[in-house]
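The values are calculated or read from the model by the stated rules, or taken from the named source; none is laboratory data. Worth saying up front: this structure is predicted, and the values here are computed from it rather than measured. Using ideal geometry, Cβ is built from the backbone for each residue, glycine included, and neighbour counts are taken over all protein chains shown. Please note that ligands, DNA and RNA were not included when accessible areas were found on the heavy atoms of the full protein model with its side chains. Shrake-Rupley method; radii C 1.70, N 1.55, O 1.52, S 1.80 Å.
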Amino acid sequence: MAAPCTENNHKQGTLEFALDVPFPSTREASIALQSLSPDREPRKGGISKELTVSGSTLSVRWRADEARILRVSVGSFMDHLSLVMETMELFGPPVPQ
């Protein structure tokens with residue numbers, strides 16, 4: 001579920017966006033985290049992205065200086081997330097470790 005962050009950061013000019021993605025299991029959320037974490041932002045500044053897992057939910061939080069940079073980063077992440085989820089669905093549930 002996507003939601004705007006509620007922190008008051010208009011003074012700093014920082015934009016924030018948060019996304020929570022529920023998965024059927026903790027294992028699948030961890031697989032998604034491991035698959036998506038290596039993708040660093042191509043820009044050195046102006047944007048940051050934090051990925052965490054809590055239970056079976058993958059949470060992503062962005063902070064950016066410009067709306068355009070934030071939009072491109074979120075759009076790219078959604079494309080990658082879609083690919084990860086489609087791949088996990090094709091291979092079936094993960095084997096317990």
From highest to lowest solvent-accessible area (probe 1.4 Å; ligands, DNA and RNA excluded), Glu66, Glu86, Glu28 read Glu86, Glu66, Glu28
Ignoring ligands and nucleic acids, Asp65 exposes an accessible area, probe 1.4 Å, in Å² to the nearest 10, of 100
With 0.36 nm assigned to each residue of separation and the Cα-Cα distance removed, Asp79 to Ser35 gains 14.6 nm
Net charge (Lys, Arg +1; Asp, Glu -1) of residues whose beta-carbon lies under 15 Å from that of Phe23, Phe23 excluded, is -3
Heavy-atom accessible area of Val53, protein chains in place, probe 1.4 angstrom, given in Å² to nearest 10, is 50
